[in-house]
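Each remark here refers to the structure printed beneath this line.
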Amino acid sequence: MIRLRVVGSSEDHSELILSNKPRGKRGSHKVVIDKKLLAVLQDAVYGRRELEREAGRAQRALEPRAEPKIPPREIQRQLRAGASPGQVARAAGVDEVYVDQFYPPILYERAGVILDAQELYQEKPRLGASKLALGESVEVNLAARRVNMTDEALADAWTATRRDGQPWTITLTFPFRGRARSARWRYDPRVRELTPINKLATDIGWVSPTARVTPIARASSSSAAAAAARKKPAARRKPVRKKPAARRKPVRKKPAARKKPVARRKPVRKKPAARRKPVARRKPVRKKPAARRKPVRKKPVARRRTRRR
């Protein structure tokens, strides 16, 4: 089998130029760059990486493994408190691969705590609860401050840490005016209570109940944009010539029939009211004179006799 060496590519980058000489600069063979060649190269790269990983695992398995200085429970506690796997590995005196097996459950626990906290409503003294939940309030306030972040970047900006016997501390780190800013909240999952720690968290985690909220249009991620750019443009369709529509004949409208004039009604003559007959006057009733009463004669009073002394 003849070994060939890649010298370069053609001017239009459609072919690879190969040479059968170990130091030759001019090629003697050509290979067309197509989908099949790219697929073979991709499989070869992935297969080579997998072989290197297996070789590294086999070498580490042959090496004597040192016992960790701290128990697994302490390793999980330090990871939950915010320490990186490298820092914990150095503290435990073991390889970082040993610590990596404890890290996925901690990440899963952090993600669940962040989602629970984002569904709560932050409160302000004398102003009441926010109109939106914490996650939506942060998105609205960041958009108002013109902080443009993709969905992936915003999801990676949230972190959660916890120390023994204390509530979780949720932190949001984002760039603003040339430097990184951090907003922190205290979240207790037992009572589902959310409290801002610094002023920035108080401002961006609360939306006024009377505010008008508009939908947010987020920028797409770079990976999605790259995938869209790789797509081949759709073939242009030939313009379909539409047949001109047949002209409709103008419809002649019939003249409206003339309305007959309404006959005028004759004025109704009212009959004169019948004259009322004069009421006959009643004759005055003459009263009879009252009978004169006879004068009553009073009897004379008898005089009392006076006694003579």
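Around Asp116, under 14 Å between beta carbons, what's the net of Lys plus Arg minus Asp minus Glu among the other residues?
+1
Which whole-Hz ³J(HN,Hα) couplings does segment 110-125 yield from phi under the Karplus relation 6.51 cos²θ - 1.76 cosθ + 1.60, θ = phi - 60°, glycine and proline marked x?
4, 4, x, 5, 5, 5, 5, 5, 5, 8, 8, 10, 6, 10, 10, x
Quick one: if you stick a label point 7 Å off each Cα along the C-beta vector at Ser9 and Glu52, how many nm between them?
2.2 nm
So how long is each side of segment 110-210 along the principal axes, counting just the alpha-carbon atoms, biggest first, in Å?
Largest first, segment 110-210 extends 37, 30, 21 Å along its Cα principal axes.
Measure of size requested: the Rg and Dmax of segment 1-97, with Cα atoms as the atom set and Å as the unit; please supply both.
23.9, 64
In terms of modelled amide H atoms, which long-range or inter-chain residues lie less than 5 Å from the amide H of Val7?
Result for Val7 returns Ile17, Leu18, Ser19.
Per residue and in Å³, how big is the convex hull formed by the alpha-carbon atoms of segment 73-164?
In segment 73-164, the Cα convex hull volume per residue is 130 Å³.
Place the peptides 275-283, 34-42, 90-98 in order of packing, highest mean first, counting for every residue the other Cβ atoms within 10 Å and averaging per peptide.
Final packing ranking: 90-98, 34-42, 275-283.
Calculate one ³J(HN,Hα) per residue across segment 96-103 by plugging θ = phi - 60° into the Karplus curve 6.51 cos²θ - 1.76 cosθ + 1.60, and present them in order as whole Hz with x for glycine and proline.
Result, ordered by residue: 5, 5, 5, 7, 5, 6, 9, 7 Hz.
All of the numbers you see were taken from the coordinates with simple rules; none came from a lab. All figures in this text were calculated on a predicted structure; none of them were measured in a lab. All Cβ positions, glycine included, derive from the backbone under ideal geometry; neighbour counts span all protein chains shown.
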